[in-house]
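Any read-out appearing in this document is the output of simple, stated calculations on the displayed coordinates, not a laboratory observation. Predicted, not measured: the structure shown is a model, and the values here were computed from it. Here Cβ is always computed from backbone atoms with ideal geometry, including for glycine, and neighbour counts include all displayed protein chains.
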Amino acid sequence: MTAPATPHVLSNDFYAPLKARAAEIEAQFRSLTPVSAGLFEQAKGLFPGGFTRDAVIRKPYAPFIAKGKGAVMTDVDGRTLFDLWYNASSLPLGHADARVIAAVDKQLALGTAYYAPTESELALAQILCDRLASAERVRFANSGSEAVMIALRLARGFTGRDLVVKCEGSYHGSYDDVQWSVAPAKDKLGDPDHPVPVPDSAGLLDSSDRVLVLPFNNPEILRREVRARADRIAALIIEPMANRMGLILPTPEFLIAARELCDEIGAVLIFDEVIAFRLDYHGAQGFVGITPDLTTLGKVIGGGFPVGAVVGKVDVMAASDAARKNRVTHAGTFNANPVTMTAGRATMEALTPDVYESINAKGAKMRAGLEAVSASVPLTITGEGSFFKINATSEAITDYRGAVTVDGAWEEVLSLALFNAGYLLTPHLHGCCSVVTTDEQIEGFLVAFADLITA
Ligand SMILES: Cc1ncc(COP(=O)(O)O)c(C=O)c1O
């Protein structure tokens, strides 16, 4: 492994050399991906700006993928890539796992969708109820965003109140009421005690009576602001591992305050575990030791197929009881689709406590390696369990205000350079390990990373 850069370099000096190579790195990317470039030209005539999925927007364009097996994907230009993001962490067993493919094949031969329930949804729901302390009842949906939408509707239906509290810098999917202050620009944040609610999309309606944005990890402000509106608050929605803030955990004090406040004022505590469920056999709630009233799920529980679920305590979930009159409704042509349920079950059955331990150990190895390589330069390594994130800042990251100090342009150049070296992470350097990630891949990645940051 190449030695890290000289200690005590000035922050600005550290980021400048790689950013100065942006044009060269982009030219190399283009020369490696001519077929993707051609497909992107076609995509621009079909999708606004060339993309139909915001999460995969990349500059100058995204590589198109032809296939994936295990830890490796092959792009349409025939290059093999080590996957370090696994479709936004949703493939803990890697690509095309034999157990999942066999289960799905069997289901495909029996048909793909029926206008009726199937036994497969019972099996997956039972697994969720067995593993998650908050799960006594389940409703399946088709995405994490939908799960969040239904969870908020359940909380409002159950409490008869409107206002939902979310944290600055938290991402909860694309439902309107949570698309506030997801990734606001530094100059739009306002007072740290009273964050300005910043829309994350055009076309949102006024949020003032529906959403209250509060700082992450600040129990005092949470207590003060929630108590001031106690009779209006339906729910607190919290990520027990905050994705956009660097895959960091909330402090125990913050989570305890949230739990106690919800009990005190009769509001619903929602943990959004769409991504964080990957932390532990018992979910993030098992990992942090606090039980919410409702939990939103997605990603891994679908075994690589579109999925969402809201699970929760009997009393709150009963707001959608089919026998009730004024109930919370929730329809969906593909809710609990048997192919998804089958793939999800095969995946969850393969995710035993030992497997969680093993992927989390790989994540720890990756973070320790990244920390060692970047010890003397202004980078901060964050992440939990199988997750890691490289942050272009020397600030400690405990909330969004810390996370927003990163040099985003440097992160994007490094991500593209890592792609050129054969590794796929997000443009802002989020990554995760899966069952199929090997020690050699981790070591190879650390060498590529060290070479790029010291070049
Ligand atoms: C915490 C969290 N909530 C909700 C979502 C939305 O899930 P989906 O992309 O399946 O709609 C995501 C997606 O990344 C997420 O990380």
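Volume per residue, Å³, of the convex hull around the alpha-carbon atoms of the stretch 201-338? Can you show the working numbers first?
Numbers: hull volume 22.4 nm³, N = 138.
In the stretch 201-338, the Cα hull volume divided by residue count equals 162 Å³.
Output the Cα-based Rg and Dmax of the stretch 384-449 in Å, rounding Rg to one decimal and Dmax to a whole number.
12.7, 36
Two-decimal Rg/Rh of the stretch 5-148 from alpha-carbon positions, Kirkwood Rh? Don't skip to the answer; put the middle values down first.
Details: Rg = 21.5 Å, Rh = 19.8 Å.
Ratio value, two decimals: 1.09.
Under a Cβ-Cβ cut-off of 9 Å, what is the net charge of the residues other than Gly303 that fall near it, where Lys and Arg count +1 and Asp and Glu count -1?
0
If we sort 338-348, 84-94 on the protection proxy, mean other Cβ atoms within 10 Å, highest first, what's the order?
Top of the packing list down: 338-348, 84-94.
Determine, for each peptide in 40-53, 289-302, 310-323, the mean count of other beta carbons within 10 angstrom over its residues, then list the peptides with the highest first.
Working: 40-53: 11.7, 289-302: 25.5, 310-323: 18.4.
Taking the mean over residues of other Cβ atoms within 10 Å, the ranking is 289-302, 310-323, 40-53.
How are the alpha carbon pair distances in the stretch 153-281 distributed across 5 Å bins from zero to the largest one, expressed in percent?
All Cα pairs, binned at 5 Å, distribute as 2, 11, 21, 25, 22, 13, 4, 1, 0 percent.
Kindly state, as a whole number, the per residue volume in cubic angstrom of the convex hull around the alpha carbon atoms of the chain.
Numbers: hull volume 67.7 nm³, N = 455.
Hull volume normalised by residue count: 149 Å³.
If contacts are Cα pairs under 8 angstrom and at least 6 residues apart, what is the relative contact order of the chain in percent?
Dividing the mean separation by the residue count of the chain yields 23 percent.
Largest first and in whole Å, what are the equivalent-ellipsoid semi-axes of the stretch 269-417 based on the Cα gyration tensor, each being the root of 5 times an eigenvalue?
Calculated on Cα positions only, the semi-axes equal 35, 19, 16 Å.
Taking neighbour Cβ counts within 10 Å as the exposure measure, how do Ile101, Ile442, Ile237 sort from fewest upward? Don't skip to the answer; put the middle values down first.
Details: Ile101 15, Ile442 20, Ile237 27.
So the ranking, lowest neighbour count to highest, is Ile101, Ile442, Ile237.
Hey, can you rank 193-202, 355-364 by average C-beta count inside 10 Å, highest first? Can you show the working numbers first?
Working: 193-202: 14.8, 355-364: 17.9.
Output ranking for 193-202, 355-364: 355-364, 193-202.
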